[in-house]
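Since the structure comes first, as structure tokens, the remarks are kept for the end.
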Amino acid sequence: MPLLSIEGLAAGYGAVEVLRGVDLAIAEGEAVALLGRNGMGKTTTVRTLFGLLAPRAGRITVEGRDMTGAPPQAIARAGLGLVPEGRQIFPRLSVEENLLATARPARGAAKSRWDREAVYRFFPRLAERRSHAGTQLSGGEQQMLAIGRALMTNPRLLVLDEATEGLAPLVRAEIWQKLAALKAEGAAILVIDKNLAALKRLADRHVVIERGRTVWSGTTAALEAQAAEVERYLHL
């Protein structure tokens with residue numbers, strides 16, 4: 001049984017249909033990349049998964065439990081943690097207050113046990129900046145904080161929407177190293193990013209969506225073997 005299963009997901013905004021049939025599944029300890037050009041429905045998939053947008057059709061299950069249309073708090077209780085596009089940290093709260101705001105005890109099946117000190121060990125820069133407000137952090141520090149805040153929920157599945165967008169090269173490299181470390185510890189990860197080379201190194205499987213539909217899925221080896229077929233969905 002997969003940890004997360006999305007089948008035939010459809011959703012949109014008003015009269016605009018964005019998702020028309022997204023399918024993907026993630027197993028325990030697996031890293032999956034969600035690929036596609038801008039505007040193809042990646043962020044809408046994440047928003048619908050987390051209950052921020054109502055699905056119009058399809059099914060979402062977490063360990064076989066139907067979570068279709070569940071509110072965000074129920075999705076969080078089911079063990080999904082989100083690092084949203086644009087980071088969306090609490091700007092007037094300190095680093096420490098941001099972390100404590102989402103703290104949730106680890107559940108029995110959690111691979112790791114995340115608390116404030118564990119996050120500070122994982123991201124030492126946050127420990128140095130613990131009393132600083134969100135507005136006083138650099139973009140890279142804000143992304144570390146967004147990841148740390150998600151880890152404080154002790155998630156079974158960590159979802160990152162645009163994991164390294166807008167970050168300096170050295171910070172991007174650090175984020176990829178940290179995601180690899182999480183995967184090595186057994187964390188399940190769903191990640192969206194434009195850096196295909198980094199995604200190939202991290203992800204076990206890749207799911208490509210085009211105009212709101214899943215059009216290809218496969219392992220990294222399959223992606224490399226079918227590069228011409230896949231990359232036509234990724235470039236203008």
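Quick notes on this one:
- Against the list (1) at pLDDT 95 or above; (2) open to solvent by 40 Å² or more (accessible area, probe 1.4 Å), the condition residue 229 fails is (1).
- Residues that are surrounded by 15 or more Cβ atoms within 10 Å (Cβ to Cβ) and over 19 Å from residue 5 (Cβ atoms) within the range 206-221 comprise 210, 211, 220, listed in sequence order.
- In the range 133-154, residue nearest to residue 169 (Cα to Cα) [restricted to those that are over 20 Å from the mean Cα position of the chain (by Cα) and surrounded by 17 or more Cβ atoms within 10 Å (Cβ to Cβ)]: 137
- Looking across 136, 142, one residue alone is more than 22 Å from residue 30 (Cα to Cα) and free of Cβ contacts under 8 Å to residues at least 24 places away in the same chain. It is 136.
- Test: residue 130 is at negative phi, surrounded by fewer than 18 Cβ atoms within 10 Å (Cβ to Cβ) and in contact with an Asp or Glu (Cβ under 6 Å, 6 or more places away or on another chain): yes
- The range 97-113, residues that are open to solvent by less than 40 Å² (accessible area, probe 1.4 Å) and modelled with pLDDT of 95 or more: 98, 99
- Filtered residues of the range 155-205 (kept if surrounded by 20 or more Cβ atoms within 10 Å (Cβ to Cβ), of a type in the set (D, E, K, R) and closer than 19 Å to residue 113 by Cα): 156
- Set 14, 86, 36, 64: member being surrounded by 16 or more Cβ atoms within 10 Å (Cβ to Cβ) and not aliphatic (A, V, I, L, M): 36
- Test: residue in the range 42-60 that is open to solvent by less than 10 Å² (accessible area, probe 1.4 Å) and either in a strand (DSSP E or B) or charged (D, E, K, R) (or both): yes
- Count of the range 61-99 residues which are under 30 Å from residue 139 (Cβ atoms), part of a strand (DSSP E or B) and out of contact with any Leu (no Cβ under 6 Å at 6 or more places or on another chain): 2
- Checked against the criteria, residue 123 counts as more than 25 Å from residue 3 (Cα to Cα), open to solvent by less than 20 Å² (accessible area, probe 1.4 Å) and among the aromatic types (Phe, Trp, Tyr).
The values are calculated or read from the model by the stated rules, or taken from the named source; none is laboratory data. Just so you know, these numbers come straight off a predicted model, no measurement behind them. All Cβ positions, even for glycine, are placed from backbone atoms using ideal geometry, and neighbour counts span all protein chains on display. Areas reflect the complete protein model, heavy atoms only, side chains present, ligands, DNA and RNA absent. Shrake-Rupley method; radii C 1.70, N 1.55, O 1.52, S 1.80 Å.
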